[in-house]
Amino acid sequence: MITHYLISYGHLAALFTFVIAGFSLLMARQIIPGAIVFLSSSIMLALRAMHEISFNQEMVSHVKDESGQVIAFNIEMTSWQNASLWADPLGFILISLSLLLLANQAFQQNKRSAKRPI
């Protein structure tokens, strides 16, 4: 049962967590990484919600062969669903790059503080 909830709502929960993390980074004055994480995850969350809202069974049709077996499904997609397909991977790439930028900033700050004499 928990697997069903993770499959159904895990992606949305992860995106919502990224929205909160991006907002927290903005409040901690990490402007560039925070803005990238916040905006990317907010856009992905909105597109994912619109993707699920706009889906209905009339969008799915199937192709049968001579014996009546289904050989293919055709799915008509709305503009929200098309945008969701390319925005999710792009958004996660941007979030990953912003986390690398944040890690680099922390590394450089630790490197500078280690060079200071006590």
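Enter the angle in degrees (range 0 to 90, nearest 10) between the Cα long axis of helix 31-53 and the first principal axis of the Cα atoms of the chain, meaning the one along which they spread out most.
For helix 31-53, the angle is close to 10 degrees.
Round to the nearest 0.05 the FRET efficiency obtained for LYS64 and ILE7 when R0 = 25 Å and r is the Cβ-Cβ distance.
After rounding, the FRET efficiency stands at 0.30.
With a 1.4 Å probe and every protein chain left in place, tell me how much accessible area LEU45 has, in Å² to the nearest 10.
Estimated to the nearest 10 Å², LEU45 gives 40 Å².
Note down the accessible area of ASP88, probe 1.4 Å, to the nearest 10 Å².
10 Å²
Going from most exposed to least, what order do MET1, MET77 have by accessible area with a 1.4 Å probe?
MET1, MET77
Please get the size of the charge dipole for the chain, origin at its Cα centre, with Cβ charges of +1 on Lys and Arg and -1 on Asp and Glu, quoted in debye to the nearest 20. Please report the intermediate quantities before stating the final value.
Working: 7 positive and 6 negative charges, 260 e Å.
The dipole magnitude comes to about 1240 debye.
Have a look at TRP80, SER54, SER42 and report the one farthest towards the positive end of the charge dipole of the chain, computed about the Cα centre with Cβ charges (Lys/Arg +1, Asp/Glu -1).
Positive-most Cα among the choices belongs to SER42.
Kindly report the accessible area of the chain per residue (heavy atoms of protein chains, probe 1.4 Å, no ligands, DNA or RNA), in Å².
Computed with neighbouring chains in place, this is 75 Å² per residue.
For the chain, calculate the relative contact order in percent as a whole number, restricting contacts to Cα pairs under 8 Å that are 6 or more residues apart.
Computed value for the chain: 24 percent relative contact order.
Could you work out the local net charge near LEU45, counting Lys and Arg as +1, Asp and Glu as -1, over the other residues with Cβ closer than 13 Å to its Cβ?
Within the 13 Å Cβ shell, the charges total -1.
In whole percent, how big is the carbon plus sulfur part of the accessible area of the chain, probe 1.4 Å, protein atoms only? Please report the intermediate quantities before stating the final value.
Working: 5920 of 8800 Å².
Using a 1.4 Å probe with all protein chains present, the chain comes out at 67 percent carbon and sulfur.
The values are calculated or read from the model by the stated rules, or taken from the named source; none is laboratory data. The structure presented is a predicted model; accordingly, all values stated were derived computationally and were not measured. Here Cβ is always computed from backbone atoms with ideal geometry, including for glycine, and neighbour counts include all displayed protein chains. Each accessible area value is taken on the protein alone, full model and side chains, heavy atoms only, with ligands, DNA and RNA left out. Shrake-Rupley method; radii C 1.70, N 1.55, O 1.52, S 1.80 Å.
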